[in-house]
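First the structure, in the form of structure tokens, and then the observations on it.
The values are calculated or read from the model by the stated rules, or taken from the named source; none is laboratory data. Since this is a predicted model, take the numbers as computed values, not measurements. Glycine also receives a Cβ, built like all others from the backbone with ideal geometry; neighbour counts cover every protein chain displayed.
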Amino acid sequence: MVLHVLYPNVLYILSPVLLIALVYRLFFYKTPVYRFPLGKTVAQFSKVHHKHHKKIHFFMRVVSLVGLLFLIARPVWVDEHSNVTTHGIDIVLAIDVSESMMLFDDFKDRRSRIEVAKQEAVRFIEKRTDDPIGVVLFGREVISRCPLTLDKHILKQIVGSIELGEISGQGTFLGTGLAMAVNRLRSSKSKSKIVVLLSDGEPTVPETVDPDQAIKLAKQFGVKVYTIGIGNERGGFVEHPLMGIQQVNSRINVDLLQKIATQTGGVFLRANNSKELRAAYNHIDRLEKTEYETNVFHRYYEAFLTFVWIILALLALELFLRLFIWPGV
């Protein structure tokens, strides 16, 4: 077991303050002296004869203050020799943000496709606690929205804040989006690398990287691609403030999504509504699990109570000495 502090900056800031206070107390502070007519007589009968009682009290208070300083810095015991069985897969979520993602498919759930996709992506992220995950968005343009990270809190914030219009949505650069996702995984040392590509439309032609080139890149770098087609063959619906609900043709290129998945070793999944999309993510979650032993993750044990008991013991000892050993000090 090794003692670490989770907030070392607290020590860097407060330690000099404590040191300055100690130097002042030891070398510059002068204790006031009071003289009384019967002072000598009282001193002769006083039970306090120990010359170092003040130094002992001072030392105990200093140790207590140092203990409080460590408490603020949050001490933990780290078992650096513990191996933790974990699931380690590098994952990139490639999400379509073209204009057709504003449509909805279920009259019982009139959330847009992008809102459903965001919610289910966040659920998927919550399940993959030990996997580095990144996010790529593609429409008429392609951006890497988040690199591979283990910080699930920030990752969920990023996915939850995705809005249509962040990049041009007048097209679907599916091949370029896939190539960008693969590029995020090319330097990964993980034994398993996957892309979860979600789209609801037909790729725009021409684009910077066509889907066939993207498939070759994925195979070259050992990236498995799971494709999810969101929406149904009849198209989707949009609710117009004046004209009411209108049906919009939105064709999914099922053959292409199947081809990408099959040639890279992944699986193609259809999602006509939010329940089916959740089932698709759950299916991928079940398929992609790899257990191994690693030293990267250590077991942490809170040391808070240890320091609390030490400080309380010191304060109790000082009180006992003041009341029963050196009374009147």
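A few points about this structure:
- Residues located in the range 261-284, provided they are outside any helix (DSSP H, G or I) and of a type in the set (Gly, Ala, Ser): Gly265, Gly266, Ala271
- Sole residue being within 25 Å of Ser274 (Cα to Cα) and touching a helix residue (DSSP H, G or I) at 6+ places or on another chain (Cβ under 8 Å), chosen from Val182, Val248: Val248
- Subset of the range 172-207 (residues that are within 10 Å of Val92 (Cβ to Cβ), in a strand (DSSP E or B) and hydrophobic (A, V, I, L, M, F, W, C)): Ile194, Val195, Val196, Leu197
- For the range 117-162, filtered to residues that are free of Cβ contacts under 8 Å to residues at least 60 places away in the same chain and of a type in the set (D, E, K, R), the residue that is farthest from Ser199 (Cα to Cα) is Asp151.
- Qualifying residue in the range 55-67 (condition: among the basic types (Lys, Arg), modelled with pLDDT of 75 or more and farther than 21 Å from Leu317 by Cα): no
- Within the range 254-269, being under 25 Å from Glu99 (Cβ atoms), buried (at least 19 other Cβ atoms within 10 Å of the Cβ) and not small (Gly, Ala, Ser) holds for Leu256, Leu257, Ile260, Phe268, Leu269.
- Matching residues, the range 128-150, being within 18 Å of Leu185 (Cβ to Cβ) and either small (Gly, Ala, Ser) or not in a strand (DSSP E or B) (or both): Arg128, Asp130, Asp131, Pro132, Gly134, Ser144, Leu150
- Top-ranked residue of the range 195-211 - restricted to ones that are among the aliphatic types (A, V, I, L, M) and modelled with pLDDT under 95, ranked as surrounded by the most Cβ atoms within 10 Å (Cβ to Cβ): Val209
- Extreme residue, nearest to the chain's Cα centre (by Cα), among residues of the range 135-183 that are surrounded by fewer than 20 Cβ atoms within 10 Å (Cβ to Cβ) and among the polar types (S, T, N, Q): Thr149
- Residue match in the range 287-294 (condition: modelled with pLDDT of 80 or more and either surrounded by 12 or more Cβ atoms within 10 Å (Cβ to Cβ) or within 22 Å of the chain's Cα centre (by Cα) (or both)): yes
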